[in-house]
1. With the requirement that a residue be touching a helix residue (DSSP H, G or I) at 6+ places or on another chain (Cβ under 9 Å) and not in a loop (DSSP other than H, G, I, E, B), what does the stretch 7-24 give you?
2. Could you check how many residues of the stretch 25-62 are modelled with pLDDT under 70, part of a strand (DSSP E or B) and exposed (fewer than 13 other Cβ atoms within 10 Å of the Cβ)?
C-alpha cells in the first residue's frame, strides 16, 4: 500500500503512522493490511493529508 502524505514534520515514522491511521479510519483497512505501508513522499506542511495511490489509480487519475 503506497501513500503520498503531507505532514507537519519531515519524519518517516510519523508519516508512516499517519498513513496507517488514515488507511484504517478512512479507507477501513485492517491493521494487518497496513503493516507494509509505504510512504512515497513526505512533504513538510502546516496540515496533514494523505492520498492512497492504489485508490487514485483505480479512479483512472494519472
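The values are calculated or read from the model by the stated rules, or taken from the named source; none is laboratory data. Please read these numbers as outputs of a predicted model, since none were measured by experiment. Glycine also receives a Cβ, built like all others from the backbone with ideal geometry; neighbour counts cover every protein chain displayed.
1. Taking the stretch 7-24 as the starting set, the residues that turn out to be touching a helix residue (DSSP H, G or I) at 6+ places or on another chain (Cβ under 9 Å) are 7-9.
7 - this is the single residue of the stretch 7-24 that is touching a helix residue (DSSP H, G or I) at 6+ places or on another chain (Cβ under 9 Å) and not in a loop (DSSP other than H, G, I, E, B).
2. Taking the stretch 25-62 first, the residues modelled with pLDDT under 70 are 41-42, 45, 56, 59-62.
Now drop any that are not part of a strand (DSSP E or B), which leaves 41-42.
Then drop every residue that is not exposed (fewer than 13 other Cβ atoms within 10 Å of the Cβ), which leaves 41.
The total comes to 1.
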